[in-house]
Amino acid sequence: RGDKWRKTMIGMCWLPVHSVFISTIVQKVLVDHVVKGIQSTTNYADIVWFYTESVILIIVQLISLGLNRWADVVQTRNRGRTGGIRQVHRMELLRKFMHMEHSEHWLASDASWLYALIYDADVVTGKAYFSVFELFQSITALLLSLVLAIGLAFWAWSQNRGSSDTRIASPGTWQSIASILGVVIIIPLGLLGVWFRRKLMWAAVIARKDLECAWFKSCTWIITHWRQLYGLSGQEKVALEKRVLKQNNAFIPAHWDARDTMNDTAWVTHWIQGVAYCFMLIFGLFALCEYSRFGIGAMEVGTYYALCKIYLSVGKYVGRLSGVFVDMQQAVVSLREIAALNNQVDQRSQRREARRWAARIGSRCKASLLRHDSSNSLERNFCAQGITIAHGTCFVRPMEHKVGHTFAELKLRACTIPLGCIVHVSLGNEKVLRSFLGLISQVIHPTDEMGQELPDDAEGVSIPNCLKVNMLPVGSVGMGNTAPSLLDQLEFTGAPKDLCHALAEAVGLELHRETASLGMGSMQVFSIIRAILVDPDVLCAFRPLAFVPMDMRMSVHMLLRLWQGGGGLPRVAEFLGCPLKQGIYRTSTRSLIIGNPEQDLWGGFKTDVHLDLARYLWKGADLDRSSMGSTASSVEGSPYRPSGSPTSTAKLRLGRGLQDRNIQDICCGS
């Protein structure tokens, strides 16, 4: 709403004022008053006056035409800006999609979001929004038509008032009443025709939309995975094409049904208007003949023309009004989809964390924690607490999730993950291992055995306060065409440009390249660099060096060791010669939790703590509950060991022009 909206509404409502009201009145007065007066008088002064009236009426018509042109320009230029409104809705959907958590994306597929962004937002803007203006325009035109019909009846009554026939039931009175009733009957009959077919239209529109959405999802998958198509044989491509063709063949009849249903609904109104117009022609013709030949009634020539124009206008705008209802019903289907996506609950873990702070700890405790002066005691507190998993914590994929995922169902015994070190979690089942890392990093959330999310006060995964936990994406991450180069995309993290440049060059990434041009190994290195620039307190990574090229593996490994053991991004930046300005106090303790099958872990990657996840998986109903106090440290026998050098001779060379320095000196010096 605003000036453009008001100008458009005024312009749309003025258009029928000219075409329906003013033009009809000018025509009626010219034919039945001016021409009749000129023919019936011989007085020169009266004749001059009647000609003057005709000139005045023509000027009024021209002024109205000029205002009609102004109204058309105003409504065209202002309603033509709906592209901005369309983009507002698209940005709202995109913002919602980007800020949802990983598990919240499972409720609707990525293609459903893309279909809503492109098609549903366009339908809502094009059908529903502009239909509001057409709705008020049609209502204005119908009210003006009804006022004209009543005005013509009053004109006829005033003409017959001086005649000898003054009966209430005179032919002129009945003709006036019949013309008004005809206008009044057309309007509700036309709307009832649309109302009775609303369910049929609803079913046809939904069926068309669902089938088109299925076809759109398949096409989206094929187009966005064009880089992998070379791995498909010709037979597989033909089979895939047949699947898409089958969906296309299912969509075409549904599109025909929806089109024919909406067209037939519009023709219901056309038939009602057409039949009423034919009756008016016959009725007006006989009434005109009776008045012209015998003087019975009050059907003058101008009145007959005016009634023809009124009935045509009523039929036109009733048809437009029914079309508005058809378009709005089609828009409601898309609006319901957009509303469902926008109303989906997002950021559940952060909302839960905020409620937990407010209920248990309070804002004063958090403020005092941020002002704490004893950094060593705070870090020891973090390391001592660790990440605890309650007994019976499980994850079951909810039934309402429409999208598959790479996480498996699991149920865990009680255990504790120590912080401030590198923890190696091993298990043969990779999907279960990913689920464990996802629970720790809050990518997924614990559920009950039926797949329902646990309430806020239920025990699950407990993470020390004020810790930021991230999980390295399972697949490599690239931001497409949102930035032209790797350097620009690394700057999205908020890190200084010189640090991004030095860190990327340290691992051998070519900064001028686009993300889409990188291979799998370089993409994984790019994801690790981005994670280091984000600088979380705890980083969970599933097979972080699996795709890293051999010539980069040692540098990336040592960089992760430096980040974890040296104190995070500030220490890395200092080593690269790009020191960061320290802001509010933050603990320098960093933790790296790696998920790798034991035989799959790279031999050069030395860890501090090893956790055999198989020992903490729920085995069945005969689980010994007396042994639930074990922790991850019980596997190795040491609760916590400070990070040290992976090998005594390993050296790290990061950045151009930097000398070789011993990683042990760097880590121990922190």
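The values are calculated or read from the model by the stated rules, or taken from the named source; none is laboratory data. Treat the numbers as computed from the prediction; the structure is a model and nothing was measured. Please note: Cβ atoms are built from the backbone with ideal geometry, for glycine as well, and neighbour counts cover all protein chains shown. Accessible surface areas use protein heavy atoms only, side chains included; no ligands, DNA or RNA. Shrake-Rupley method; radii C 1.70, N 1.55, O 1.52, S 1.80 Å.
Given a 1.4 Å probe and the protein chains as shown, residue 47 ends up with an accessible area of around 40 Å². For residue 393, the amide hydrogen comes within under 5 Å of the amide hydrogens of 412, counting only partners 5 or more places away or on other chains and with H modelled in the peptide plane.
Label-to-label distance, residue 239 versus residue 355, with points set 7 angstrom from Cα along the beta-carbon direction: 4.7 nm.
For the range 175-250, the solvent-accessible area with a 1.4 angstrom probe is 66 square angstrom per residue. Amide hydrogen proximity for residue 101: with H placed 1.01 Å from N in the peptide plane, the residues at 5 or more positions away or on another chain lying under 5 Å are 347, 348. Extension gain, residue 453 to residue 226, is 78.1 nm, computed as 0.36 nm per intervening residue step minus the present C-alpha separation. Residue by residue, the range 233-249 carries 3J(HN,Hα) couplings of 7, x, 5, 5, 5, 5, 5, 5, 5, 5, 4, 5, 5, 5, 5, 5, 5 Hz when phi is fed to the Karplus relation 6.51 cos²θ - 1.76 cosθ + 1.60 (θ = phi - 60°); x denotes Gly or Pro. With a simple spin-label model that places each label point 7 Å from the Cα along the Cα-to-Cβ direction, the separation between residue 249 and residue 550 comes to 5.1 nm. Accessible area ranking (1.4 Å probe, heavy atoms, ligands and nucleic acids excluded), largest first, for 282, 387: 282, 387.
Across the cross-link table entries 217/468; 209/237; 468/606, which are compared at the Cα atoms, the separations over 32 Å belong to 217/468. For residue 540, the amide hydrogen comes within under 5 Å of the amide hydrogens of 470, 471, 472, 593, counting only partners 5 or more places away or on other chains and with H modelled in the peptide plane. Fully extending the segment from residue 210 to residue 257, taken as 0.36 nm per residue of separation minus the present Cα-Cα distance, adds 15.6 nm. One decimal place: the segment residue 278-residue 292 gains 2.9 nm when fully extended, by the rule 0.36 nm per residue minus the C-alpha distance. If I take R0 = 56 Å and measure r between the Cβ atoms of residue 510 and residue 6 in this structure, what FRET efficiency does the formula 1/(1 + (r/R0)^6) give, to the nearest 0.05? Approximately 0.55, to the nearest 0.05. Can you tell me the FRET efficiency between residue 95 and residue 196 if r is taken as the Cβ-Cβ distance and R0 is 35 Å, rounded to the nearest 0.05? Efficiency at R0 = 35 Å is approximately 0.30.
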